[in-house]
1. For Glu335, state whether it is open to solvent by 50 Å² or more (accessible area, probe 1.4 Å) and part of a helix (DSSP H, G or I).
2. Kindly indicate whether Asp109 is charged (D, E, K, R), away from the ligand (no atom under 12 Å from the Cβ), assigned by TED's automatic domain parsing to the domain that holds Ala209 and in contact with a Leu (Cβ under 8 Å, 6 or more places away or on another chain).
3. Pick out the one residue from Ala116, Ala101 that is under 16 Å from Pro316 (Cα atoms) and outside the structural domain of Gln320 (by TED's automatic domain parsing).
4. For Val82, are the conditions met, namely being in contact with a Leu (Cβ under 8 Å, 6 or more places away or on another chain), within 16 Å of the ligand (Cβ to nearest atom) and not hydroxyl-bearing (Ser, Thr, Tyr)?
5. Count, please, the residues in the range 253-296 that happen to be among the β-branched types (Val, Ile, Thr), touching a strand residue (DSSP E or B) at 6+ places or on another chain (Cβ under 7 Å) and open to solvent by 20 Å² or more (accessible area, probe 1.4 Å).
6. Does the range 301-323 contain any residue that is of a type in the set (Val, Ile, Thr) and open to solvent by 10 Å² or more (accessible area, probe 1.4 Å)?
7. Could you check Thr177 against (1) more than 25 Å from Tyr349 (Cα to Cα); (2) within 14 Å of the ligand (Cβ to nearest atom) and say which number it fails?
8. Among the candidates Thr114, Thr128, which residue alone is farther than 18 Å from Pro276 by Cβ and hydroxyl-bearing (Ser, Thr, Tyr)?
Amino acid sequence: MTPTVVPFTDLSFQWREIRAQVLPEIERLFAQSAFCLGPWVEEFERRFAEYLGIPHVVAVNSGTSAVHLALLAAGIGAGDEVLVPSHTFVGSLWGVLYAGARPVLCDVDRQTGTLAVEDARRRIGPRTRAVIAVHLYGQAADMEGILALAREWNLRVIEDAAQSHGCRAADGRLTGTLGDVAAFSFYPGKNLGAAGEAGAVVTRDAAVAERLRALRNHAQRERYRHDELGFNYRMDGIQGLVLTAKLAHLDRWTRARRDIAMRYSRALADLPLELPQVVRGDHVYSLYVVRTPERDRLRAWLARRGVQTGLHYPIPLHRQPFMEPFGAGALPLPESERWASFGLSLPLYYGMSEEQTDFVIAAVRAFFGREASR
Ligand SMILES: *Cc1c(COP(=O)(O)O)cnc(C)c1O
């Protein structure tokens with residue numbers, strides 16, 4: 001087996017920077033048995049709300065749960081249709097099914113991989129109630145287009161900000177604050193990652209926030225009284241603790257990600273390779289995805305040289321077996337297919353060295369028969 005020279009990710013650099021602060025806090029948390037919700041989670045909710053400039057953050061146990069609760073909070077249920085891009089992580093979509101609604105898969109745009117608004121418009125029907133705006137790979141979806149579409153058709157807008165912590169949309173506002181309600185994931189590998197599973201739902205609406213707080217905790221506003229169907233979606237205390245510590249570093253860690261991405265983009269620009277395009281707002285490079293019809297060969301080539309890569313995501317949602325009961329849909333999804341078959345994610349993580357970045361660059365250039373540097 002080839003030894004790994006550049007892993008796809010390595011979270012230990014983050015740990016080293018928070019360790020001294022976090023370990024004694026963990027002692028305190030255990031001493032207080034503050035395991036489920038509790039003061040450390042509340043502290044994180046306050047800090048993250050402050051960071052986003054939004055009044056309400058409701059911490060939950062995963063991004064998938066966050067999308068589910070966001071849809072319930074937006075009033076989505078049985079018989080409703082929800083527009084979802086076909087090219088995204090499946091966690092963007094499960095909540096639609098959990099809510100008993102029907103996902104209507106839409107195509108994405110070639111440049112950014114985010115929802116193609118004109119394609120989504122053609123799929124709107126009398127039951128369409130909401131749209132999920134996924135800020136894929138760390139760049140905002142076309143929020144101007146999505147918000148205009150939503151106004152025109154009276155749709156709720158749910159943002160999936162699982163890959164866009166700290167990312168600004170075209171108008172300068174932070175993703176997660178632009179729609180009716182937004183879902184974040186803090187899965188360890190995300191730009192802001194916990195020490196296990198975690199997520200959050202955020203909103204400006206106090207009544208919605210109150211309902212979300214009840215829903216995540218067995219639909220209890222008052223103990224042992226359950227007002228509706230509830231869930232156990234509470235965040236662990238320890239995740240709140242770790243997330244508060246990491247949030248203080250997020251913007252600096254994001255700048256480091258951007259530097260690595262810029263280094264890639266400069267050094268790969270002359271290759272027959274489509275690179276990430278920043279067409280609106282900024283980019284926080286949750287993933288650095290290049291595209292080529294030679295994707296599988298390039299991936300194997302890099303693996304043989306000790307460079308780990310990822311596929312995000314190789315099977316579009318409309319081709320997933322679980323979607324079969326919903327039928328093929330009348331319209332094709334060519335750009336979603338293209339992203340799924342051409343996309344390759346290069347290593348990018350906080351702490352990745354310039355030498356490692358250059359090693360990846362040289363290996364990619366060699367694949368295309370080019371010298372390491374121009
Ligand atoms: C990670 C992710 C999710 C799901 O989050 P989990 O915390 O893993 O449940 C949803 N949508 C997108 C776009 C994601 O990247």
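The values are calculated or read from the model by the stated rules, or taken from the named source; none is laboratory data. Keep in mind that what you see is a predicted model, and the values were worked out from it rather than measured. Note that we place each Cβ from the backbone using ideal geometry, even for glycine, and neighbour counts take in every protein chain shown. These accessible areas exclude ligands, DNA and RNA; they are computed on the full protein's heavy atoms, side chains included. Shrake-Rupley method; radii C 1.70, N 1.55, O 1.52, S 1.80 Å.
1. No; evaluated as a whole, the condition is false for this residue.
2. Details: charged (D, E, K, R): yes; away from the ligand (no atom under 12 Å from the Cβ): yes; assigned by TED's automatic domain parsing to the domain that holds Ala209: yes; in contact with a Leu (Cβ under 8 Å, 6 or more places away or on another chain): yes.
In short, yes.
3. On the way: Ala101 fails: under 16 Å from Pro316 (Cα atoms).
After applying the criteria, what remains is Ala116.
4. Details: in contact with a Leu (Cβ under 8 Å, 6 or more places away or on another chain): yes; within 16 Å of the ligand (Cβ to nearest atom): yes; not hydroxyl-bearing (Ser, Thr, Tyr): yes.
Against the criterion (in contact with a Leu (Cβ under 8 Å, 6 or more places away or on another chain), within 16 Å of the ligand (Cβ to nearest atom) and not hydroxyl-bearing (Ser, Thr, Tyr)), Val82 qualifies.
5. Number satisfying all stated conditions: 1.
6. Let us first name the residues in the range 301-323 that are of a type in the set (Val, Ile, Thr), namely 307, 309, 315.
Of the ones still in play, those that are also open to solvent by 10 Å² or more (accessible area, probe 1.4 Å) are 309, 315.
Within the range 301-323, one or more residues are of a type in the set (Val, Ile, Thr) and open to solvent by 10 Å² or more (accessible area, probe 1.4 Å).
7. In the conditions (1) more than 25 Å from Tyr349 (Cα to Cα); (2) within 14 Å of the ligand (Cβ to nearest atom), Thr177 misses (2) alone.
8. On the way: Thr114 fails: farther than 18 Å from Pro276 by Cβ.
Exactly one of Thr114, Thr128 is farther than 18 Å from Pro276 by Cβ and hydroxyl-bearing (Ser, Thr, Tyr), namely Thr128.
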